[in-house]
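To keep things clear, I will list the structure first and then write my remarks on it.
The values are calculated or read from the model by the stated rules, or taken from the named source; none is laboratory data. The structure presented is a predicted model; accordingly, all values stated were derived computationally and were not measured. As a convention, Cβ positions derive from the backbone with ideal geometry for all residues, glycine included, and neighbour counts pool all protein chains shown. Note: areas computed on protein heavy atoms with side chains; ligands, DNA, RNA excluded. Shrake-Rupley method; radii C 1.70, N 1.55, O 1.52, S 1.80 Å.
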Amino acid sequence: MLQRIILLTAQEESELVQLVNQSELFELVAILQGSLQSLPASLDNNPIITYSSAPNEEIDVIVYSDSLKESADWLYENKYPTSGKLTTSQFRFLLSIPNHTNNKKDFGHLQQLKTILDNTHDGMIVIDHDLTITIFNKSAEKMTGLSKEQAVGKSILEVMPNSQLPRVMDSGIEEVNQEQILANGTKIYTTRTPILNNEGRKLGAFAVFKDITEIVDLAEEVTNLKSIQTMLRSIIQSSEEAISVVDEEGKGIMINPAYTKLTGYTAEQVIGKPATTDISEGESIHMQVLKTRKPVRGARLRVGPNRKDVIVNVAPVIVDGLLKGSVGVIHDVSEIKGLTEELNRARQIIRTLEAKYSFEDIIGTSEEMNFAIDQAKLAASTPATVLLRGESGTGKELFAHAIHNASSRKFNKFIRVNCAALSESLLESELFGYEEGAFSGALRGGKRGLFEESNGGSIFLDEVGELSQNTQAKLLRVLQENEIRRVGGTKAIPINVRVIAATNVNLEKMIADGTFRQDLYYRLNRMPIYIPPLRARNNDILLLAYHLLQKLNQDYGRNIDFINKDAEAFLLAYHWPGNVRELENVLGRAIIHMSHTDTQINRSHISLLSLEPPKKENVHLQDMPDESDVEKTLAEQMDAVEKRILTEAIERFRGNKTKTAKSLGISLRNFYYKLEKYDLDEKLRK
């Protein structure tokens, strides 16, 4: 007698319907579908029912998809209380149980069912009433680590001692989604179901199980993805950069508070809206990137109701080759301009504030130079004012840098001032600052002077002998009282500045002439350091020449590494009135006129040097005091020598003041002062 069944399916089960129709054990009475899909035309002779049209006749088994369990329960309770219930998976197993008819047609059907079972992803094990394993599919082999040959035909208790199928068969109660750990450590979820006939006789039991290791890994992966998503969202939200994210269609999916602050748009105004929503001028870079799948940097736009000028960088988001959207970072141009201006101001300050050289940069091994270096190191260890004396080009500024860098003030500012380069009024305002309205063109709010800027550090006053009497008085107050008063101001401002002064003029002579304050001289001359001219340290000339050669090679992109013997001898014989500065000039001029293939400097390359005999010898021979000078003081005798040198220089350059002053290594202003002192201006007019 055929078993009458009703099939409840949530999706197309045409293959199962076909199996039932071909079976000689079951009769398909009706089908109740949970989806709108229709059965193939070949199976449309099977009646389709609803709850209200369920037939009022005897039904042996209700077969249902897992998702329609509640519907199956309702039919069981209200229509067919004497029927049995099986899931579609369980019913398939029931169909697979071999019968004993030995009918070839039945055997073919069974082989087909076994093929289906072997290819399903779930593990399946079926036992008969003797606890013998009758079905052990490929997924079961994979999960348990046992082969079909090791299992089929053997007792379940022999193959899997911890199996609960015997218990389920004895109790006749189904166990759903039970967690179990197999002998090989694999964790599974299993559903165990007894197999009963119409009379309730126990025919066996079967189990369907899944390897939940995959599920656990997937769950962990999802958890990790959620953690990463949360972390990325937190990063974006806390970033001070304005960020916007759109999906592949160009609709906003995320912005951060910095974006709202910059553009004025809130999340409600942007999320889910087109990428063009926030643009007030220009084209959407998001849409451009989504179209080309290439990043764009430095695009200029105006965004928000206030038409903010911005620079945008946008990059596509591509996952496994699929475009998922784009991310944009927006920069406020006005802020960039402000930072750029601030950086430029900082660079200007740094150029004047940093001391670039140390004592290691001072080249020289002569006794005279070593003595000057030792004095400078001693001065660096004290807060005393330093006066650097020496001819132009001897390296006074280099010593000033080194003293600052070797002192306790090395981490504070170092400001350089050339006292001869500025007019008296400008120099005063630059040194001491000014108050608002002190003079026409004064900045609103006034301006800090260089003494205030260098507070806590050092200030280098080069050519201090060129200061006017008024500025000398103010400088004296700084040195005595450690305070300054701005131009146009009445308030004294305390400062803590270390003064390093330098001069190439005879301050003692200026004091005698009344052009330099004696009290200021005593303040400046507390720690005098005399830097010898190059002609006084002849042993250092070649050492300096090779040191300068390395620097000039870098400046001019050359590879000159040698000075031949003739050129060396010529350099040593020269008297170097311009000192180290002149030596650098001569070497640089020689390199410029050399071929790019030359690697050494020859005598011919420095032929432009003056061949005059050293002036030092001339002075000794010509200016030796005669008997008439015996009654004169030292200052008077020095004046006579200086006047004679000036007269000869004026005649040599035919009255050209600029060339004469330059040849003597003095400033034009100082030259005019000496002309007036010795009444030589008349000589120029003749």
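Summary of computed values
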quantity	calculated
Residue in the stretch 522-535 that is of a type in the set (A, V, I, L, M, F, W, C), within 18 Å of L422 (Cα to Cα), out of contact with any Lys or Arg (no Cβ under 6 Å at 6 or more places or on another chain) and at pLDDT 90 or above present	no
Per-region count, the stretch 157-183, residues within 21 Å of E199 (Cβ to Cβ), part of a helix (DSSP H, G or I), open to solvent by 30 Å² or more (accessible area, probe 1.4 Å) and not small (G, A, S)	1
Enumeration of residues in the stretch 325-342 that are open to solvent by 40 Å² or more (accessible area, probe 1.4 Å), at pLDDT below 90 and within 23 Å of R233 (Cα to Cα)	H331
Elements of type helices (runs of 4 or more DSSP H) in the stretch 39-150, at least 1 residues being in contact with a Ser or Thr (Cβ under 9 Å, 6 or more places away or on another chain) and at pLDDT below 80	88-96, 104-118
Qualifying residue in the stretch 545-553 (condition: of a type in the set (G, A, S) and over 25 Å from Q600 (Cα atoms))	no
Among residues of the stretch 646-665, those that are touching a Leu at 6+ places or on another chain (Cβ under 8 Å) and open to solvent by 60 Å² or more (accessible area, probe 1.4 Å), counted	2
Residue within the stretch 428-440 that is acidic (D, E), at pLDDT below 90, farther than 26 Å from S392 by Cβ and part of a loop (DSSP other than H, G, I, E, B) present	yes
Which listed residue is within 30 Å of P383 (Cβ to Cβ), in contact with a Phe, Trp or Tyr (Cβ under 8 Å, 6 or more places away or on another chain) and β-branched (V, I, T), from T515, T599	T515
Residue match in the stretch 458-476 (condition: acidic (D, E), at pLDDT 90 or above and open to solvent by 20 Å² or more (accessible area, probe 1.4 Å))	yes
Answer residue from the stretch 477-486, given it is in a strand (DSSP E or B) and open to solvent by 10 Å² or more (accessible area, probe 1.4 Å) and is nearest to N405 (Cα to Cα) among those	E483
Total residues in the stretch 283-324, condition touching a Pro at 6+ places or on another chain (Cβ under 6 Å) and open to solvent by 90 Å² or more (accessible area, probe 1.4 Å)	1
Any hit, the stretch 618-632, residues being assigned to a helix (DSSP H, G or I), closer than 23 Å to D513 by Cα and modelled with pLDDT of 60 or more	no
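Table: residues versus (1) in contact (Cβ under 8 Å) with a residue 24 or more places away in the chain; (2) closer than 24 Å to V505 by Cα; (3) surrounded by fewer than 21 Cβ atoms within 10 Å (Cβ to Cβ).
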residue: E368; (1), (2), (3): yes, yes, yes
residue: F371; (1), (2), (3): no, yes, yes
residue: A379; (1), (2), (3): yes, yes, no
residue: T394; (1), (2), (3): yes, yes, no
residue: N405; (1), (2), (3): yes, no, no
